[in-house]
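The values are calculated or read from the model by the stated rules, or taken from the named source; none is laboratory data. Just so we're clear, the structure is a prediction, and the values are computed from it rather than from any experiment. Virtual Cβ from ideal backbone geometry, glycine too; neighbours counted across all protein chains shown.
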C-alpha cells in the first residue's frame, strides 16, 4: 500500500468501520491533490463534484456577498476531516460558497460519480454515505445552535477544541469572521482566557 492508500484506509476504518475489502474496492478512485495557499478546492457558483479528505493543511468555507464583497467564514476543515460543500455535492447544484486553502495543503479526493457507484454496489459504502450525511448535518446544526445558545467566548473555546492550533495557523480576522465578532472583541476574549 502506498502512503496515500494508508492514509485513506486508516481514516475509512475509523470513520465507517469499512473492511479491507471495501477499502481496496475504492482505492483506485481516490486521487491526491496539492492546493497552494489561497487556491480553491471549490468555487462559488460551481458544482462541488469532489469529496476531499484533508491530509495536510486547513481550509475555510466562506460566502462572498457579490454586492458588497463582504466575506463570512462558515466552517474550517483541517487534517483528518472531510472537506466538501455537502449540499452542492449531493444535489449536484452550484455551490454558494468558496472552499479556500489557508496554507499549502494536500487532500485526497473522490468524485461524486465514483462515490455513488460504490454506494450502489456495496452496502458498507452505503453506510459510509449515511454516516457522511449525518456528520455534515451535525456540523450544520451545531453551527446554528452555537449562534443561538453560546456566548462568543464559548464559541471560541469550541473552535479551539475542534482545531487546537488554528490560532497559530490563520490570521485572527478569519477567526473573528467565523465567530461573528470584531477583532477587538476576539482580543479581549483571548486575554480573558489567558488569565
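Look through 12, 27, 18, 51 and report the one residue that is surrounded by 14 or more Cβ atoms within 10 Å (Cβ to Cβ), in contact with a helix residue (DSSP H, G or I) (Cβ under 7 Å, 6 or more places away or on another chain) and part of a loop (DSSP other than H, G, I, E, B).
18 is the lone residue from the list that is surrounded by 14 or more Cβ atoms within 10 Å (Cβ to Cβ), in contact with a helix residue (DSSP H, G or I) (Cβ under 7 Å, 6 or more places away or on another chain) and part of a loop (DSSP other than H, G, I, E, B).
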Practice task
Could you list all residues from the stretch 85-112 that are over 16 Å from the mean Cα position of the chain (by Cα) and without any contact (Cβ under 8 Å) to a residue 40 or more places away in the chain?
Solution key: 91
Fill in the blank from the handout: For the stretch 122-135, the count of residues that are free of Cβ contacts under 8 Å to residues at least 60 places away in the same chain and either over 23 Å from residue 85 (Cβ atoms) or not in a helix (DSSP H, G or I) (or both) equals 1
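Table: residues versus (1) part of a helix (DSSP H, G or I); (2) within 29 Å of residue 90 (Cα to Cα); (3) in contact with a helix residue (DSSP H, G or I) (Cβ under 8 Å, 6 or more places away or on another chain).
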| residue | (1), (2), (3) |
| --- | --- |
| 137 | yes, yes, no |
| 144 | yes, yes, no |
| 148 | yes, yes, no |
| 158 | yes, yes, yes |
| 168 | yes, no, no |
| 174 | yes, yes, no |
| 177 | yes, yes, no |
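Only one residue in 131, 115, 74 is over 17 Å from the mean Cα position of the chain (by Cα) and assigned by TED's automatic domain parsing to the domain that holds residue 21, so which one is that?
Details: 131 fails: over 17 Å from the mean Cα position of the chain (by Cα); 74 fails: over 17 Å from the mean Cα position of the chain (by Cα).
It is 115.
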Problem - Subset of the stretch 54-83 (residues that are crowded, with 17+ Cβ neighbours inside 10 Å, in a loop (DSSP other than H, G, I, E, B) and at negative phi) - result: 81
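Given the structure, is residue 163 touching a residue at least 24 places away in the same chain (Cβ under 8 Å), touching a strand residue (DSSP E or B) at 6+ places or on another chain (Cβ under 7 Å) and surrounded by 14 or more Cβ atoms within 10 Å (Cβ to Cβ)?
Working: touching a residue at least 24 places away in the same chain (Cβ under 8 Å): yes; touching a strand residue (DSSP E or B) at 6+ places or on another chain (Cβ under 7 Å): yes; surrounded by 14 or more Cβ atoms within 10 Å (Cβ to Cβ): yes.
It is true that residue 163 is touching a residue at least 24 places away in the same chain (Cβ under 8 Å), touching a strand residue (DSSP E or B) at 6+ places or on another chain (Cβ under 7 Å) and surrounded by 14 or more Cβ atoms within 10 Å (Cβ to Cβ).
Working carefully through the options 174, 163, find the one that is outside the structural domain of residue 38 (by TED's automatic domain parsing), under 16 Å from the mean Cα position of the chain (by Cα) and modelled with pLDDT of 85 or more. Reasoning before the result, please.
Numbers: 163 fails: modelled with pLDDT of 85 or more.
Exactly one of 174, 163 is outside the structural domain of residue 38 (by TED's automatic domain parsing), under 16 Å from the mean Cα position of the chain (by Cα) and modelled with pLDDT of 85 or more, namely 174.
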